[in-house]
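Quick notes on the structure that follows.
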Amino acid sequence: MPESIGISERLQRLFSLVPEGIELVAVSKFHPVEQIREAYDAGQRIFGESRVQELLEKIPLLPADISWHFIGHLQTNKVRPLIGKCALIESVDSGRLLKIIDEESARKGCITRVLLQVHVAAEETKFGFSPDELRDFFRSRGFESLTNTHISGLMAMATNTDDVDMVRGDFAAVASLFREMREIAPDLRGFETLSMGMTGDWPIAVEEGATMIRVGSAIFGPR
Ligand SMILES: *Cc1c(COP(=O)(O)O)cnc(C)c1O
């Protein structure tokens, strides 16, 4: 790794910067288990992965008390092996995927916690519910038909740009949607996580109301 300081130091620095009460997900995708172990030994317990196969290979090689978060685009045919393996699926980007997660969770007899991914960024390539799709889902009380899935909040990414005002605008829009959904469905208990912010923009996300941030490169170096 080109950086002169190690994973443990970078993580300690981050621990001191991230405000109390904000959950830090260490995004370990494409990094080997030895590096995850280093972060674990420095005290980190939540790790994020974006590919099912990679996650399933890493889980048995690392301590059992790690909370694994799935943060990548999830294809419906990969849902089955993932169920029961992670603490939170952050990247549920369609009603169809949500339904399949619920069915597979029922088959396995477990409850799966998920976040709904919202698309507010300017890039067409990003996944997620549009703000209107999200409103429709909550207004029609789509969550009531789920028996084995718990919707714990929202996840989003800002536009990939150096324009900090634009990034802040994206995060503010998501935070506003989050509050709006809580007003539409005040009875949806446990809907309290707002996951937004990565290495380049997490301080802005926290200022705009994130309760969870997902940081990779600032901990593990470049991928
Ligand atoms: C890779 C990834 C991150 C982490 O990105 P960094 O810029 O390395 O911090 C966060 N969230 C998602 C959804 C990702 O795919």
Tell me which residues come under 5 Å, amide H to amide H, from residue 92 once H is placed; ignore anything under 5 positions away on its chain. 115, 117
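Given R₀ = 30 Å, what would the calculated FRET efficiency be for residue 110 paired with residue 165, taking r from the Cβ atoms and rounding to 0.05?
0.10
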Would you calculate, for the chain, the mean residue ellipticity at 222 nm contributed by helices, counting each DSSP H stretch of 4 or more residues as -39,500 (n - 2.57) and dividing by all residues, to the nearest 500? -11000 deg cm²/dmol
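Hey, what's the per residue convex hull volume over the C-alpha atoms of the stretch 127-223, in cubic angstrom?
It is 119 Å³ per residue.
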In order through the stretch 208-223: 3J(HN,Hα) via Karplus (6.51 cos²θ - 1.76 cosθ + 1.60), integer Hz, x for Gly, Pro: 8, x, 4, 10, 9, 10, 10, 10, x, 4, 5, 9, 9, x, x, 9
Angstrom value of the Kirkwood radius, inverse mean 1/r, which spans all Cα pairs in the stretch 91-150: 12.1 Å
Nearest 20 debye, what's the magnitude of the dipole of the stretch 160-220 about its Cα centre given +1 on Lys and Arg Cβ and -1 on Asp and Glu Cβ? 280 debye
Mind putting a number on the dipole of the stretch 56-185 about its Cα centre? Charges go on the C-beta only, +1 for Lys and Arg and -1 for Asp and Glu, and I need it in Debye to the nearest 20. 660 debye
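From the Cα gyration tensor of the stretch 54-169, with a ≥ b ≥ c the square roots of its eigenvalues, which class applies: rounded if a/c is under 1.5, or else prolate if a/b is larger than b/c, or else oblate?
Working: a/c = 2.27, a/b = 1.29, b/c = 1.76.
Since a/c reaches 1.5 but b/c is at least a/b, the shape of the stretch 54-169 is classed as oblate.
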Residues other than residue 100 with Cβ under 14 Å of its Cβ, Lys/Arg counted +1 and Asp/Glu -1, net out at +2
What fraction, in whole percent, of alpha-carbon pairs in the stretch 1-132 exceed 22 Å separation? 44 percent
Can you compute the charge dipole magnitude of the chain about its Cα centre, using +1 on each Lys and Arg Cβ and -1 on each Asp and Glu Cβ, nothing else charged? Give it in debye, rounded to the nearest 20. 820 debye
Determine one quarter of the surface area of the Cα convex hull of the chain, which equals its mean projected area, and express it in nm² to one decimal. 12.1 nm²
3J(HN,Hα) from dihedral phi, the stretch 107-118, Karplus parametrisation 6.51/-1.76/1.60, rounded to Hz, x for glycine, proline: 4, 7, x, 10, 9, 10, 8, 9, 10, 8, 7, 10
Kindly write out, for the stretch 126-138 in residue order, the coupling ³J(HN,Hα) from the Karplus curve 6.51 cos²θ - 1.76 cosθ + 1.60 (θ = phi - 60°), rounded to whole Hz, with x marking Gly and Pro. 6, 9, x, 5, 6, x, 5, 4, 5, 4, 4, 4, 6
Spacing of the two label points (7 Å from each Cα toward its C-beta) at residue 176 and residue 77, in nm: 4.1 nm
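All of the numbers you see were taken from the coordinates with simple rules; none came from a lab. Source: prediction; values computed, not measured. All Cβ positions, even for glycine, are placed from backbone atoms using ideal geometry, and neighbour counts span all protein chains on display.
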